[in-house]
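Encoded as structure tokens, the structure appears first; notes follow it.
The values are calculated or read from the model by the stated rules, or taken from the named source; none is laboratory data. Everything numeric here is computed off the predicted structure, so don't read it as measured data. Every residue, glycine as well, gets a Cβ built from its backbone with ideal geometry; the counts of neighbours run over all protein chains shown.
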Amino acid sequence: MQLSCQWDDLANIHKYAESGYDILINTTPSPMPVDKDVLLANALIMDIKTKPKNTELIDNAKNKGCQVIYGYEMFLEQALGQFNIWFGEESVTPKAHNVLEREILKCL
């Protein structure tokens with residue numbers, strides 16, 4: 001699948017906040033890599049950190065009404081994808097997904 005995407009340095013986030021953006025993904029070690037005023041309510045915000053579950057970025061995004069993706073969700077989907085590569089596409093059931101998610105959340 002190909003997507004028509006633009007990306008840029010976080011230093012230019014104000015330009016995108018003015019024109020609008022759909023997705024913002026934090027891959028930095030910073031708990032809040034951008035000013036909260038550049039978070040757009042209709043944007044999808046993801047922080048790839050797994051601990052803590054609610055980072056400062058995630059909390060600010062939820063307060064703005066953004067849809068969020070937690071870092072642990074990416075971690076879980078990566079693990080399940082790897083498991084499926086090793087053991088076959090049908091090896092992970094919804095029940096297994098729920099069990100793994102519950103166990104991950106205990107660690108957060």
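Observations, loosely collected:
- Screening region 68-100 for residues that are hydroxyl-bearing (Ser, Thr, Tyr) and within 16 Å of the chain's Cα centre (by Cα) and picking the one that is modelled with the highest pLDDT gives Tyr70.
- Boolean, Leu40 is in contact with a strand residue (DSSP E or B) (Cβ under 9 Å, 6 or more places away or on another chain), in a loop (DSSP other than H, G, I, E, B) and of a type in the set (A, V, I, L, M, F, W, C): yes
- Out of Thr55, Thr50, Thr27, sole residue that is under 26 Å from Lys106 (Cβ atoms), touching a residue at least 40 places away in the same chain (Cβ under 8 Å) and hydroxyl-bearing (Ser, Thr, Tyr): Thr50
- Any chance Asp22 is surrounded by 10 or more Cβ atoms within 10 Å (Cβ to Cβ), within 21 Å of Ile104 (Cα to Cα), free of Cβ contacts under 8 Å to residues at least 24 places away in the same chain and within 17 Å of the chain's Cα centre (by Cα): no
- The one condition in (1) touching a Cys at 6+ places or on another chain (Cβ under 7 Å); (2) assigned to a helix (DSSP H, G or I); (3) β-branched (Val, Ile, Thr) that Ile45 fails to fulfil: (2)
- The condition (being touching a Pro at 6+ places or on another chain (Cβ under 8 Å) and either under 20 Å from Met46 (Cα atoms) or not aromatic (Phe, Trp, Tyr) (or both)) is satisfied by just one residue among Leu100, Leu57, Leu105: Leu57.
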